[in-house]
Every structure is written in structure tokens, then in C-alpha cells.
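Novice: Sharing a structure with you now.
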Amino acid sequence: MIRISHLLLIVFNLLALAYLLSPLPQIPPLQNSVVSTEPGDTTQITNVKGYYTNLTRTEVMNFYRANYNGIFRIRLNHPPEKAKEIFRDTIQSYYLEEYVLPFKQSLFINGFEWENDVFTKPSDRAANRLVYQGKEYRAKINTRTFSASLPNRLVSFFLTESLAIFMFITYFRLIRPPKDD
């Protein structure tokens with residue numbers, strides 16, 4: 001039994017190493033969109049990109065779902081107010097979603113659709129129209145990635161695994177009630 005558990009642990013760790021060593025996905029620019037060169041959308045904030053587009057939220061999220069691949073990809077939906085913590089305190093937001101590749105990288109996608117702005121009265125929304133280079137757009141999309149370096153990936157994974165093994169052993173040796181014979 002112990003041999004089998006050791007063999008399973010070795011196989012699991014080899015698969016985990018293959019996952020952790022695999023390259024991060026390269027995300028292409030958002031299709032049918034114009035890249036923003038406004039302050040805050042280029043080099044002022046690391047790993048941020050901005051786009052003006054007429055794509056809907058569904059189309060934007062389908063694009064990133066198709067282009068941000070990973071075997072353990074997790075999709076999270078955050079309240080739009082959190083965008084001020086992730087990007088900058090002046091960003092407008094209608095939705096904020098995140099794709100996570102555990103132990104590797106997070107991709108945040110913030111979308112602002114001026115016609116659906118829940119923080120502005122419908123009668124006042126026209127003041128928030130998105131005009132860039134003389135053309136009006138339905139939405140502005142900002143993305144930001146947070147990546148873990150390879151050493152950080154390995155250390156965080158193996159520390160988590162060690163803690164899980166320790167908890168498992170502790171449960172079965174100390175906490176589990178004795179069996180009645």
C-alpha cells in the first residue's frame with residue numbers, strides 16, 4: 001500500500017512539474033478593436049492593455065476564453081468596484097472577470113459599456129460616451145495579467161502539497177477516532 005501511494009505521489013508530481021513548466025499563454029490583441037494609447041493603458045501600469053470596441057460582453061469573454069488556454073483554467077466573476085484595486089482608482093467598470101491558471105497566472109478583464117453603466121442614471125449616461133480618435137465605441141476593455149515566476153510557482157505548489165500531505169497524515173494519525181473492535 002505504501003509503495004502504491006509513493007508511486008502515485010511521484011506520478012502526480014511529474015504531471016504537476018509538466019504543468020508548472022509549460023509556457024504561459026500568449027494573448028493576442030482583442031479582435032475588431034482599436035488599441036488604446038491613453039495614459040494608464042500602455043506602460044504606466046505594468047501588464048495593462050486597453051481596447052476600444054463595439055463587441056458585447058459575451059463576444060469579449062468568448063474571445064478571451066478561446067485565447068487564454070490552460071488545462072486548469074478557472075473563471076471568476078468579480079464585482080465591478082474591485083477594478084479600482086486591480087487597475088487604477090479612476091477606472092470605469094461595468095464588469096470584471098478573471099481567468100486563473102492556478103500557481104501560474106491571472107488575467108483580469110475589465111469592461112465598461114457606457115450604455116449599461118449601473119453607477120450613472122440612464123438620463124445622464126450620454127455624458128460617458130466613449131469617443132477615441134474621433135470615433136464612438138460601445139465599450140472599453142482593459143486587461144491586466146499577474147504572473148508568478150517559475151521559482152515562485154514551484155515553491156508555492158510544493159509548499160501547498162506539503163501542507164496538504166501533513167494535514168492528511170495528521171488527520172489519520174492524531175484526530176481520527178479509534179475504530180471499535
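Listed here are the residues, each with its yes/no results for (1) among the β-branched types (V, I, T); (2) within 27 Å of L8 (Cβ to Cβ); (3) touching a residue at least 12 places away in the same chain (Cβ under 8 Å).
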| site | (1), (2), (3) |
| --- | --- |
| W114 | no, no, yes |
| V118 | yes, no, yes |
| S156 | no, yes, yes |
| I169 | yes, yes, no |
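Novice: Considering only the range 63-75, I want to know if a residue exists there that is farther than 18 Å from D41 by Cα, without any contact (Cβ under 8 Å) to a residue 24 or more places away in the chain and within 10 Å of the chain's Cα centre (by Cα).
Specialist: Checked the range 63-75: no residue is farther than 18 Å from D41 by Cα, without any contact (Cβ under 8 Å) to a residue 24 or more places away in the chain and within 10 Å of the chain's Cα centre (by Cα).
Novice: Would you mind stating whether Y99 is surrounded by 12 or more Cβ atoms within 10 Å (Cβ to Cβ) and hydroxyl-bearing (S, T, Y)?
Specialist: Numbers: surrounded by 12 or more Cβ atoms within 10 Å (Cβ to Cβ): yes; hydroxyl-bearing (S, T, Y): yes.
Yes, satisfied.
Novice: When you go through (1) hydrophobic (A, V, I, L, M, F, W, C); (2) surrounded by 17 or more Cβ atoms within 10 Å (Cβ to Cβ); (3) under 16 Å from the mean Cα position of the chain (by Cα) one by one for L20, which number turns out not to apply?
Specialist: (3)
Novice: Pull out all pairs, ordered by first then second residue, where Cβ-Cβ is under 8 Å, the residues are six or more apart or on different chains, the first lies in the range 1-14 and is closer than 18 Å to A164 by Cβ, and the second is surrounded by 10 or more Cβ atoms within 10 Å (Cβ to Cβ) and modelled with pLDDT of 90 or more.
Specialist: The qualifying pairs are N13/E161.
Novice: Scan the strands (runs of 3 or more DSSP E) fully inside the range 108-173 and keep the ones with 1 or more residues being under 22 Å from R57 (Cβ atoms), charged (D, E, K, R) and touching a helix residue (DSSP H, G or I) at 6+ places or on another chain (Cβ under 8 Å).
Specialist: The qualifying strands (runs of 3 or more DSSP E) are 139-147.
The values are calculated or read from the model by the stated rules, or taken from the named source; none is laboratory data. None of the values given here were measured: they were computed from a predicted structure. Ideal geometry is used to build each Cβ from the backbone, glycine not excepted, and the neighbour counts take in all protein chains shown.
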